[in-house]
Amino acid sequence: MKEKLAELLTNIFTTSGHIVSESDTVDLIVEKNDHRTYILLTGKPDPAQIRNFADQIRDGVGLYVTMQKMEPELHDYATHVGLIIWDRDELSLQIGKAVIADLEGNATDLQLVAYDVDNNAMAADQTAPTSTGFSGSFEVSSGISAPSVEPPTPSVPQMPAQEEQEGFNIWATSPEMQQADTVGNYQEPERSYMEAPVTTAPEPQQALWQAPQPVPSTLDLHTAPIKLEKERAAAMAKSEIGIPEDVILKLVPFWNYAYAVKAEHRFKNKVIDISGQGQGCLNALNGNKEEMELHQVNDHVILPDDNYEIKSKMIDQKEAESTLISNIIEEYTKDVRFNNVVGEAMISEHKMFKPSMDDIRFKIDLVYVPIWEVKGARNSVEINAYTQEILTNPVDDDVEFM
């Protein structure tokens, strides 16, 4: 059914003067007079699918086509997020118009898609919260009730107008990347997060390294906060190394990075879309990549005592950027296979598509992460004081793990 509908729409749009191409993200892409329409075909209308489809539209309009008759509430919601809807009734009307126009010989003048989408709908969509899923809510009983869109999140800095004109507004789906401007120019936005509750654990047995608590001091350093206390770290390490003999706080440099990729390649009649985003940390001592998300970074840290060490980075920013961007390009390279039928023979062709440097938005910042090193009689264990996790690999070469 879907293939037949796609073939029918292809014929209609081609007859009306549109250029029709396939895509690996939507079903069809049609273009006419420098206007682009993305078409998604579906058997059953779904609010989450509608939200996701609307979020993907950046440089044109979206046409949502279904063979079913849509409920008024769901139809209003889809219009609200900026989509054009062809349900069963509207589809029948448009097909009839196309047939009559073709019979009268003026099919090329047929206006199938109104590109001047209602401004109010578009404005409402821009202020609605964007996500990779459906952010409103539908309660299903005997039918679909009216959608309720969640209140907008606190305002974030808008991307320059030039970026929106170029259709590269991918930052709306990634709060971590709202502040990205250029490579190496990155400032972590101030955020407030609820601290995870720390349950009170029994006090560990007094050991030789536990001296009376000194007065805490403040160190001016771009660092993640200490969320795991020294005594709690010692208690966690006790099952691994026995009685702790010393606990040292190490401030380890990490290159905290985030990126977004958006590229589009054309080959014959197919559109190859390459897009994605991610974040992580690169250890500036040994070059290891860590799947660690630093949501909270401060310009100072409160030290529990003076038993600490600030590690010096071994990998500079230029080297880190080169390594990470090369990894991103390799990760998002696509090997696409094309099949062509020539006579009775099928010819298979492979072609590689990869993003360029211009297709990647990248930001990077040096952040120190607090690490507790708990030393025992024979070995040591390291605990991330921000994530409160015991590390399986040493953060530098000076630690002898068990």
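The values are calculated or read from the model by the stated rules, or taken from the named source; none is laboratory data. Because the structure is a prediction, the values reported are computed rather than measured. Positions of Cβ are generated from backbone atoms using ideal geometry, with glycine treated the same way; all protein chains shown enter the neighbour counts. Just so you know, the surface numbers come from the protein's heavy atoms only, side chains and all, with ligands and any DNA or RNA stripped out. Shrake-Rupley method; radii C 1.70, N 1.55, O 1.52, S 1.80 Å.
Descriptive notes on the structure:
- Strands (runs of 3 or more DSSP E) wholly inside region 1-115 containing at least 1 residues that are open to solvent by less than 80 Å² (accessible area, probe 1.4 Å) and of a type in the set (D, E, K, R): 28-32, 35-42
- Exactly one residue among Glu330, Glu382, Glu349, Glu389 is modelled with pLDDT of 90 or more, in contact with a strand residue (DSSP E or B) (Cβ under 8 Å, 6 or more places away or on another chain), open to solvent by 20 Å² or more (accessible area, probe 1.4 Å) and not β-branched (Val, Ile, Thr), and that residue is Glu389.
- Exclusive hit being farther than 26 Å from Ala263 by Cβ and touching a strand residue (DSSP E or B) at 6+ places or on another chain (Cβ under 7 Å), set Gly96, Gly17, Gly60: Gly17
- Taking the numbered list (1) under 21 Å from Glu389 (Cα atoms); (2) buried (at least 17 other Cβ atoms within 10 Å of the Cβ) in turn, Tyr259 passes all entries but (1).
- Pair list, Cβ < 6 Å and 6+ apart or interchain, from region 274-299 residues that are farther than 17 Å from Ser326 by Cα and part of a loop (DSSP other than H, G, I, E, B) to residues that are polar (S, T, N, Q) and open to solvent by less than 20 Å² (accessible area, probe 1.4 Å): Leu294/Asn256
- Within region 361-396, being in contact with a Pro (Cβ under 7 Å, 6 or more places away or on another chain) and of a type in the set (A, V, I, L, M) holds for Leu366, Val374, Ala385.
- Residue in region 14-25 that is over 27 Å from Lys270 (Cβ atoms) and modelled with pLDDT of 85 or more present: no
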